[in-house]
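The values are calculated or read from the model by the stated rules, or taken from the named source; none is laboratory data. Since this is a predicted model, take the numbers as computed values, not measurements. All Cβ positions, even for glycine, are placed from backbone atoms using ideal geometry, and neighbour counts span all protein chains on display. For accessibility, only protein heavy atoms count, side chains too; no ligands or nucleic acids. Shrake-Rupley method; radii C 1.70, N 1.55, O 1.52, S 1.80 Å.
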Amino acid sequence: MERRTAVKYLFVIAGGTAVLPSCLHKENKASVLLKNIAVTADQETMLAEFAETLLPASSTPGAKDTYAHLHALRMMDQCFDKDAQKKFTGGMKEVESMMKKAHNTTFAGASAAQRSEILTALENKKASEDALQFYKLMKNLTIQGYLTSKPVLGDIFHYELVPGRYNGAFPVKTIIHQA
Amino acid sequence: MGDTIKDRTYDVIVIGSGISGGWAAKEFCEKGLKTLVLERGRDVQHIKDYPTTNKMPWEFTLRGNLPLDVREANPVVSKCYAFGEATTQFFVKDKEHPYVQEKPFDWIRGYQVGGKSLLWARQTQRWSPYDFEGPARDGFAVDWPIRYEDIAPWYSYVEKFAGIAGDKDGLPHLPDGEFLPGFPLNVVEKYFKQSVEKAYKDRYVISGRCAHLSQPQPVHLEQGRAKCQNRTLCERGCPFGGYFSSNASTIPWAAKTGNLTLRPNSVVHSIIYDEQKGKATGVKVIDNNTKDAIDFYAKVIFVNAAALNTNLILLNSTSHRFPNGLGNDSGVLGKYVAFHLYRARVSGEYEGAGEFTTDGRRPTSGYIPRFRNVFRQETDFLRGYAAGFGAYRNEESSKDGFGMPLKQSLLNPKLQSWKVGSHMMGETIPKETNFVSLDSKKDDWGMPLLKVNIDYDDNDEKMIRDYMAQMTEMFEKAGFINVKAYDSKQAPGLDIHEMGGVRMGRDPKTSLLNKWHQMHLCKNVFVTDGASMTSTSTQNPSLTYMAFSARAANYAVEELKKGNL
Ligand SMILES: Cc1cc2nc3c(=O)[nH]c(=O)nc-3n(C[C@H](O)[C@H](O)[C@H](O)COP(=O)(O)OP(=O)(O)OC[C@H]3O[C@@H](n4cnc5c(N)ncnc54)[C@H](O)[C@@H]3O)c2cc1C
Ligand code: SF4
């Protein structure tokens, strides 16, 4: 019944955008090999833009620079159960429907302001349960992929494979911050 | 390898190439004996066979996580903290090697050259006189046929070669050894040390002694090993040989002598007993690849398959003379198995020392030697527990919102206050009712499955409660806040310190091995791994297995020379 509490203009029918013309093409597949979930190339583009809206590029890398959305896809495919996978793909489609309903465009085709509007609704829990589940999973996995990527963990946080030292009383003020 | 009996005859056979077998092999090869090491798993060569060792976090497909199907297919090994995307290749998977849990028991194994020595956490504390005297003083199990003085020179011997980092702490109940410089406690661990040592006259906090080359000596360089570089990615195998493993240390050392034949993929099925000669003549092996049976022969046999597998091999070594397993007239074989009590933890936070954090990494942490019932019986439970102790500071960031504010927050994490944590390592009492036996079902190699019957008892429950209460008190006296004690209720086994079943003792009626780890009733078979333990004490056991193995091997060499074997 949670669904009914969704704000009216965001109310969508689950699976409303499931059959996009591009889905019919066999070659329209995600660029990572997925065994358990079905994601089209268009949906992958949507996820990339979604991730980029979560963590946009500026003077520091954005989510797309770190392929965090592909990390999210791999994790969803391999590390979660069927139920979570269904919520993820279902919720992803619902978010597309939200965009369609609100602005009659796709998430990938939308403006930055339009994307922000949808994420604001999600952040404020003003969406269907599946959309919110998708948001929670996608956000956590995007953050995880971003923070463990080479551009971020390697180049910004200077992860050391071989520190060669341990100082158990390191003065805090000498920590140099990156960003 | 030829195929006459002569081609399959050696001076010594060592079963298993892990920590204890590696040491036995080294000693025999150095003394000039032709040594055959039979290892059921594949070969793992130092550095070459560490596929993940130099991978950056982002080079792992799942960034260190395990796929759901792997976790679901491996409910037992998935419980081990060290089992992850970087290390799956060194762990036994549940389905590959089933066993029967009559009572829940998490059996964590590593079947490969090097055994679990690749995976261990490298904590190496000596036993003390009080530990060997335990069973006699408190009236459980049987008296150890040896004392600390018997083993002390062998601790020194193995410590020098393996390389143990530690401080000289001068504690009678945790004797000092031949140490390389210890890794330092951090500022909060030092604070806790002061607080504890002021509040209690008999409790100490020290730096955990560990098998890492903090300052390599010539004997380590000669092994091709170098200084530990504080990676703390040891379970992947260390490209520097910074920690002790059979693969980096004893096995290549033994190979260099030209006396070692290492035969991986060789599943030892049983030991062959010759009634006429009144001793063992060799072992029956099932080739892992072809599943063919092959016999190998030797004058002396060392069984080092890791505690429970050593029990399995001996129980499966039946003959007309020994229908219940080799040397088992007493019926004690497989019984009096014990382990370490790792169930409870205590955590907290410390708001002081805000001006400090840590930098770099460290392959050990603090250690609290046992303080209960050490010199006399004081509590309503027998024996006691040691504990690990560590303090650390995390950086965290808020994950609220999205867009630039979220990114700014993630890229500028805030240093949190210090967190402190401890886990217990308790002694358990070996009992006849904690035992392993053979199931009627067989595995793919024709070996009966091992049936495990091991459980906690009332002494354990009392000890857990005491640890939680005492550590909470110690934390609170130090001004730590949000102190929480937690009993994981984990099954026995996850401590990975299973011991006993082929215990040492003075009397053949109540034990299997004499003071030289030699079977009372089959003098040319020796057991020097955890199976031989009469009691468990609280210290991480592998250093003691190393010392046992070296001591027994040198004794066997002498006996061979005298023509006694
Ligand atoms: C994650 C982890 C952390 C640990 N931390 C510590 C620690 O900090 N300190 C400590 O002291 N100990 C620790 N241990 C335990 C330590 O690894 C073992 O005590 C030690 O390896 C035992 O040595 P072993 O020679 O008896 O057995 P292993 O090292 O397990 O070697 C046994 C070998 O025998 C082989 N084998 C088994 N059956 C047969 C057969 N039928 N035929 C032929 N070969 C066979 C196996 O394949 C294996 O290679 C830890 C273990 C793990 C997994
Ligand atoms: S902490 Fe030391 S031993 Fe462990 S991986 Fe490292 S360098 Fe090697």
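Going by the structure shown, is B:R126 assigned to a loop (DSSP other than H, G, I, E, B), over 19 Å from B:L308 (Cβ atoms) and not aliphatic (A, V, I, L, M)? For B:R126, the condition - assigned to a loop (DSSP other than H, G, I, E, B), over 19 Å from B:L308 (Cβ atoms) and not aliphatic (A, V, I, L, M) - is met. Would you confirm, using the coordinates I've provided, whether A:R74 is among the basic types (K, R), farther than 23 Å from A:K35 by Cα and within 12 Å of another protein chain (Cβ to nearest Cβ)? For A:R74, the condition - among the basic types (K, R), farther than 23 Å from A:K35 by Cα and within 12 Å of another protein chain (Cβ to nearest Cβ) - is not met. Among the residues making up segment B:195-232, those that are within 14 Å of chain A (Cβ to nearest Cβ) and open to solvent by 70 Å² or more (accessible area, probe 1.4 Å) are B:Q215, B:K227.
Screening A:G90 against (1) in contact with an Asp or Glu (Cβ under 9 Å, 6 or more places away or on another chain); (2) under 17 Å from B:G403 (Cβ atoms) leaves a single unmet condition, (2). Candidates in segment B:506-549 are the residues that are touching a Leu at 6+ places or on another chain (Cβ under 7 Å) and assigned to a loop (DSSP other than H, G, I, E, B); of these, the one that is surrounded by the fewest Cβ atoms within 10 Å (Cβ to Cβ) is B:P508. Could you list, in sequence order, the residues of segment B:234-259 that are within 18 Å of the chain's Cα centre (by Cα) and either surrounded by fewer than 24 Cβ atoms within 10 Å (Cβ to Cβ) or within 13 Å of ligand 1 (Cβ to nearest atom) (or both)? Matches in segment B:234-259: B:C234, B:E235, B:R236, B:Y243, B:F244, B:S245, B:S246, B:N247, B:S249, B:T250, B:I251. Looking across segment B:409-429, the residues that are open to solvent by less than 10 Å² (accessible area, probe 1.4 Å) and part of a strand (DSSP E or B) come down to B:W418, B:V420, B:S422, B:M424, B:M425, B:G426, B:E427. All conditions but one from (1) within 25 Å of B:L449 (Cα to Cα); (2) surrounded by fewer than 18 Cβ atoms within 10 Å (Cβ to Cβ); (3) free of Cβ contacts under 8 Å to residues at least 24 places away in the same chain apply to B:Q101; the one that does not is (3).
Rundown of residues vs (1) in contact with a His (Cβ under 8 Å, 6 or more places away or on another chain); (2) farther than 25 Å from B:N453 by Cα; (3) within 16 Å of ligand 2 (Cβ to nearest atom); (4) modelled with pLDDT of 95 or more, yes/no style:
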{"position": "B:I13", "(1), (2), (3), (4)": "no, yes, no, yes"}
{"position": "B:K34", "(1), (2), (3), (4)": "no, yes, no, yes"}
{"position": "B:P57", "(1), (2), (3), (4)": "no, yes, yes, yes"}
{"position": "B:P67", "(1), (2), (3), (4)": "no, yes, no, yes"}
{"position": "B:R71", "(1), (2), (3), (4)": "no, no, no, yes"}
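Looking only at residues that are in contact with a strand residue (DSSP E or B) (Cβ under 7 Å, 6 or more places away or on another chain) and not acidic (D, E) in segment B:75-106, which one is farthest from ligand 1 (Cβ to nearest atom)? Per the stated criteria, the residue is B:K103. With respect to B:E149, is the statement that it is more than 14 Å from chain A (Cβ to nearest Cβ), under 25 Å from A:F170 (Cβ atoms), open to solvent by 20 Å² or more (accessible area, probe 1.4 Å) and at pLDDT 95 or above true? For B:E149, the condition - more than 14 Å from chain A (Cβ to nearest Cβ), under 25 Å from A:F170 (Cβ atoms), open to solvent by 20 Å² or more (accessible area, probe 1.4 Å) and at pLDDT 95 or above - is not met.
Checked against (1) more than 26 Å from B:R122 (Cβ to Cβ); (2) within 14 Å of chain A (Cβ to nearest Cβ), B:R361 passes all but condition (1). The helices (runs of 4 or more DSSP H) found wholly in segment A:64-179 and carrying at least 2 residues that are more than 16 Å from ligand 2 (Cβ to nearest atom), open to solvent by 60 Å² or more (accessible area, probe 1.4 Å) and more than 30 Å from B:K227 (Cα to Cα) occupy A:82-103, A:112-123, A:129-147. The set of residues in segment B:11-44 that are assigned to a loop (DSSP other than H, G, I, E, B) and away from ligand 1 (no atom under 14 Å from the Cβ) comprises B:K31, B:G32, B:L33, B:K34. So for segment B:252-266 (the condition being touching a residue at least 24 places away in the same chain (Cβ under 8 Å) and farther than 27 Å from B:A211 by Cα), does at least one residue qualify? There is at least one residue in segment B:252-266 that is touching a residue at least 24 places away in the same chain (Cβ under 8 Å) and farther than 27 Å from B:A211 by Cα. Residue check: B:T538 meets all listed conditions (1) among the β-branched types (V, I, T); (2) under 16 Å from B:P145 (Cα atoms); (3) within 16 Å of ligand 1 (Cβ to nearest atom) but one, namely (2). Within segment B:35-61, being hydrophobic (A, V, I, L, M, F, W, C), surrounded by fewer than 17 Cβ atoms within 10 Å (Cβ to Cβ) and within 14 Å of chain A (Cβ to nearest Cβ) holds for B:M56, B:F60.
Close contacts from segment A:145-157, counting a first residue that is facing chain B (nearest Cβ under 7 Å) and small (G, A, S) and a second that is open to solvent by 40 Å² or more (accessible area, probe 1.4 Å) and in a helix (DSSP H, G or I), with Cβ to Cβ under 8 Å and a gap of 6+ residues or different chains, come to A:S149/B:W58; A:G154/B:W58. Restricting attention to segment B:318-350, which residues are β-branched (V, I, T) and open to solvent by 10 Å² or more (accessible area, probe 1.4 Å)? Selection gives B:T318, B:V332. Taken over segment B:351-368, the criterion of being open to solvent by less than 30 Å² (accessible area, probe 1.4 Å), more than 14 Å from ligand 1 (Cβ to nearest atom) and either out of contact with any helix residue (DSSP H, G or I) (no Cβ under 9 Å at 6 or more places or on another chain) or acidic (D, E) (or both) is satisfied by B:G360 alone. Restricting B:P216, B:P135 to those that are assigned to a loop (DSSP other than H, G, I, E, B) and either within 16 Å of ligand 1 (Cβ to nearest atom) or of a type outside the set (D, E) (or both) reduces the list to B:P216. Considered as a group, the residues in segment B:296-307 that are within 14 Å of ligand 1 (Cβ to nearest atom) and open to solvent by 20 Å² or more (accessible area, probe 1.4 Å) include one that is farthest from the chain's Cα centre (by Cα), and that residue is B:A305.
Would you say B:T310 is under 29 Å from B:I164 (Cα atoms), surrounded by fewer than 22 Cβ atoms within 10 Å (Cβ to Cβ) and at pLDDT 95 or above? So B:T310 does not fit the description; no.
Based on what the data block shows, is B:D274 more than 14 Å from chain A (Cβ to nearest Cβ), within 14 Å of ligand 1 (Cβ to nearest atom) and surrounded by fewer than 18 Cβ atoms within 10 Å (Cβ to Cβ)? Answer is no for this residue.
Return the residue satisfying two criteria in turn: it lies in segment B:66-92 and is open to solvent by 30 Å² or more (accessible area, probe 1.4 Å) and without any contact (Cβ under 8 Å) to a residue 12 or more places away in the chain, and of such residues it is nearest to B:G493 (Cα to Cα). Ranking the qualifying residues of segment B:66-92, first place goes to B:Y81. Only one of the listed residues (B:G115, B:G166) is within 16 Å of ligand 2 (Cβ to nearest atom) and modelled with pLDDT of 95 or more. That residue is B:G166. Residues that are at the interface with chain A (Cβ under 8 Å from one of its Cβ atoms) and surrounded by 15 or more Cβ atoms within 10 Å (Cβ to Cβ) within segment B:394-407 comprise B:G401, B:F402, B:G403, B:L406, B:K407, listed in sequence order. Considering segment B:379-404, the residues that are under 21 Å from the mean Cα position of the chain (by Cα) and not small (G, A, S) include one that is nearest to A:V172 (Cα to Cα), namely B:F389.
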